[in-house]
Amino acid sequence: MNTPKNIPDPKSADDKPQDEKGEGIKGERIAKVMARAGLCSRRDAERWINDGRVKVNGKRVDSPALNVTNKDLVVVDDKPLPDRERSKIWRYHKPGGLVVSHRDEKGRASVFENLPPDMPRVVSVGRLDINTEGLLLLTNDGELARKLELPATGWLRRYRVRVFGMVNETALAKLKDGIVIDGIHYGSIEATLDRQQGNNNWLTISLREGKNREIKVICEHLGLQVNRLIRLSFGPFQLGDLNPGKVEEVSGKVLAEQTTGNQKQNRTRFQKNKSQKSAESKSAGSKPKNTDTKSSPTKRKPKVAHRRRNS
């Protein structure tokens, strides 16, 4: 399976395990291998391992701190790990009333139970609340899902929001500078008032972090009650005219183009910011070489005045 190499991959200590001598260990973490096989997310894989559902070469695994290679036989629930396929992504229009979970403790209807029967096992890129509608990305690669949902991608998530209450447009504009609510800092948010019908208003809200219930928490802080929430886009992927409950695969070409474009854009933005900070640092740290105008061999003012007279 060819995972796009250009997707940001924030490294953690678990990604490069070492032995007691500090030398690298061959293979990959078992949870990462399970996620890439599309069986589950890495977090779920670690949970399954702790639950005793995973065996390697006939022995039950009791810790996710284990590396495996293609020579090892990994078995989950007495079934061999499926062969890795190329990474795929689907756009899904999530209806309200479905939870984004493979196993719900309350027995509520799940997104994954309502997918077409010919769909392979997939995981979601991030989550949407039970009553939230709109675009949900699905993938057969749990590791890819983990990378795409991280704020490090810089992908903008855009929502259409219906709220009840009086909207203060000045307060909406201030959200661009971020806001702290109950000790939690929320990053820059773009919020605009699209339509007003009495106390029912439609907003467009765009953000990059996507903390738990972020939009509802912020709206409540502004005295607004969210009564409908629809995700319109996630990074370069759009909901478009996809009907509720429908799912559509993103072509491999489009997937590669979009992820490559995103990485280049982030790299360019980073380099630009870095060069600006460097220039500002040099400017702040430098001192004028000729502070004494009397000793300065070159006087610019007369030259400027001379040019003005000739113009």
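No lab work stands behind these numbers, since they all come straight from the coordinates. Only a predicted model underlies this, so the values are computations on that prediction, with no experimental measurement involved. Heads up, the Cβs are rebuilt from the backbone with ideal geometry, glycines too, and the neighbour counts pull from every protein chain shown.
Structure summary
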| item | result |
| --- | --- |
| Lysine pairs meeting the criterion (Cα under 30 Å, 8 or more apart or interchain), as found in the stretch 23-104 | 19 |
| Residue order, fewest to most beta carbons within 10 Å, for D51, D194, D141, D104 | D51, D194, D104, D141 |
| Computed lengthening from N67 to T192, 0.36 nm per intervening residue step minus Cα-Cα distance | 40.1 nm |
| Förster radius 41 Å - calculated FRET efficiency between A109 and N57 (Cβ-Cβ, nearest 0.05) | 0.60 |
| Footprinting exposure proxy for K211, K106 (fewest neighbouring C-beta atoms within 10 Å first) | K106, K211 |
| Taking L242, L73, L175, L144 and counting other C-beta atoms within 10 Å, the order from fewest to most | L73, L242, L175, L144 |
| Difference of contour (0.36 nm per residue) and Cα-Cα distance, S251 to N212 | 11.0 nm |
| Stretch gain in nm, segment N199-R228, where the contour uses 0.36 nm per residue and the Cα spacing is subtracted | 9.1 nm |
